[in-house]
Amino acid sequence: MRAGPALALVVSCLFVSLAQADDPAVRIELDTSEVAHLQKWGEDARLLLLRWYPRIDNLLATKGFKASRSVKLTIRKSDEGVAGTSGNSIVVSSHWIEKHPDDVGLAVHELVHVIQSYPNGQPGWVTEGIADYIRWAIYEGKPQSWFPRPKKPQGYKDAYRVAAGFLLWLESERAPGIVKKLNTAMRRGAYADELFADETGQPLDALWDAYVAESR
Ligand SMILES: [Zn+2]
């Protein structure tokens, strides 16, 4: 009978972990009703979102802010487009998946938009730069040299991977934590270019020029 208390402890731990498993950080509703042949891709993407939601939510934490705890993932039968997000609804085009079945990571980029929840009117290069920074630098783990660095003034306005590489450089070279600060400012509708100077002592455009000069 001496094993009794230990067994009880094991059983109670099991119940605790089961209870946690039953209470995920987010609920992902998958709709592949238009494209039954892409059900497997949808399931893979759904699992990716379940795993990455809590990580991205922590990376982009803002005091007093809670992102939507439910996400809808729809694969739509379509001959064009890639993917888009509106509110907590992610829509992926069947055309893109059929051509690029390995591109499941695009779901991470779209999930960032759900979690960002920025009000309208924020600069698109920051929105897309943060989404691609999390997808390519954090999720895919690409090195700094992988990111395109166009040699032109204000190249960061190309957004996406270009802005993502710039953010990665700022995080490692000039202003650790700047992505979180930009994210909080964007959520509050309080973004201003001056944030870069406040964090680094150098204006945004001069930072971009320094970033480009480093690659020559
Ligand atoms: Zn995007």
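A short reminder: the numbers here are calculations on the coordinates, not readings from a lab. Values in this document were obtained by computation on a predicted structure and should not be read as measured data. Neighbour counts run over all protein chains shown; Cβ positions are idealised from the backbone, glycine included.
Can you tell which of Val108, Val82, Val91 shows the greatest fluctuation in a Gaussian network model of the chain with Cα springs below 10 Å?
Val82
Running a GNM on the chain with Cα contacts under 10 Å, which residue among Phe196, Phe65, Phe147 ends up with the highest mean-square fluctuation?
Its mean-square fluctuation being the largest, the pick is Phe65.
Give me the distance between the Cα centres of the stretch 144-216 and the stretch 61-101, rounded to whole Å.
Cα centroid of the stretch 144-216 versus Cα centroid of the stretch 61-101: 26 Å apart.
On a full-extension model of 0.36 nm per residue, what is the gain between Lys99 and Trp146, subtracting their alpha-carbon distance, rounded to one decimal in nm?
On the way: separation 47, 0.36 × 47 = 16.92 nm, distance 2.29 nm.
So the extension gain works out to 14.6 nm.
Can you tell me the FRET efficiency between Ala61 and Ala213 if r is taken as the Cβ-Cβ distance and R0 is 41 Å, rounded to the nearest 0.05? Write out the running numbers ahead of the final one.
Values: r = 33 Å, r/R0 = 0.81.
So the FRET efficiency works out to roughly 0.80.
Restricting the count to DSSP beta bridges whose residues both fall in the chain, what percent are antiparallel, rounded to a multiple of 5?
Values: 4 of 14 bridges.
The answer is about 30 percent antiparallel.
What do you get for the angle between helix 3-21 and the principal long axis of the chain? Use alpha-carbon atoms, 0 to 90 degrees, nearest ten.
That helix lies at roughly 50 degrees to the long axis.
Considering only the stretch 25-117, what is the antiparallel percent among its DSSP beta bridges, to the nearest 5? Kindly include the intermediate steps, with their values, before the conclusion.
Details: 4 of 14 bridges.
Antiparallel: roughly 30 percent of the beta bridges in the stretch 25-117.
Please name whichever of Tyr211, His109, Ala61 sits farthest to the positive end of the charge dipole of the chain, dipole taken about the Cα centre and charges placed at Cβ: Lys and Arg +1, Asp and Glu -1.
Among Tyr211, His109, Ala61, the one farthest towards the positive end of the dipole of the chain is Ala61.
For a 26 Å ceiling on Cα separation, which of these pairs sit above it: Lys99/Lys142; Lys72/Lys99; Lys72/Lys142; Lys40/Lys72?
Flagged as over cut-off: Lys72/Lys142.
Just how large is the dipole of the chain about the Cα centre, in debye to the nearest 20, putting +1 at every Lys and Arg Cβ and -1 at every Asp and Glu Cβ? Each step should come with its number before you reach the end.
Details: 26 positive and 27 negative charges, 95 e Å.
I would put it at about 460 debye.
Å³ per residue of the Cα convex hull, for the chain? Provide the component values of the computation, followed by the final result.
Numbers: hull volume 37.3 nm³, N = 216.
Roughly 172 Å³ of hull volume per residue.
I'd like the trypsin sites (Lys or Arg not before Pro) in the stretch 105-172 restricted to DSSP loop residues with at most 11 other Cβ atoms within 10 Å, sorted by number.
Sites meeting the loop and neighbour criteria: Lys151.
Kindly express, to the nearest 10 degrees and within the range 0 to 90, the angle between helix 39-59's C-alpha long axis and the longest C-alpha principal axis of the chain.
70
Strictly greater than 17 Å: what percent of every Cα pair in the stretch 25-117 meets that?
Values: 1875 of 4278 pairs.
Here the long-distance tail beyond 17 Å is 44 percent of all Cα pairs in the stretch 25-117.
Which one, Gly141, Leu168, Val126, projects farthest toward the positive side of the charge dipole computed for the stretch 120-216 from Cβ point charges (K/R +1, D/E -1)?
My answer, from the dipole projection, is Gly141.
Nearest 10 degrees is fine. How inclined is helix 160-169 to the longest principal axis of the chain, computing both from alpha carbons?
Around 90 degrees separate the two axes.
I need Ser117, Ser93, Ser70 ordered by Cβ neighbour count within 10 Å, fewest first. Don't skip to the answer; put the middle values down first.
Numbers: Ser117 16, Ser93 19, Ser70 11.
With the fewest neighbours first, Ser117, Ser93, Ser70 line up as Ser70, Ser117, Ser93.
Considering every pair of different Cα atoms, what Kirkwood radius, in Å, is found for the stretch 121-216? Could you put the intermediate results ahead of the total?
On the way: mean 1/r = 0.0761 Å⁻¹.
The Cα-based Kirkwood calculation yields 13.1 Å.
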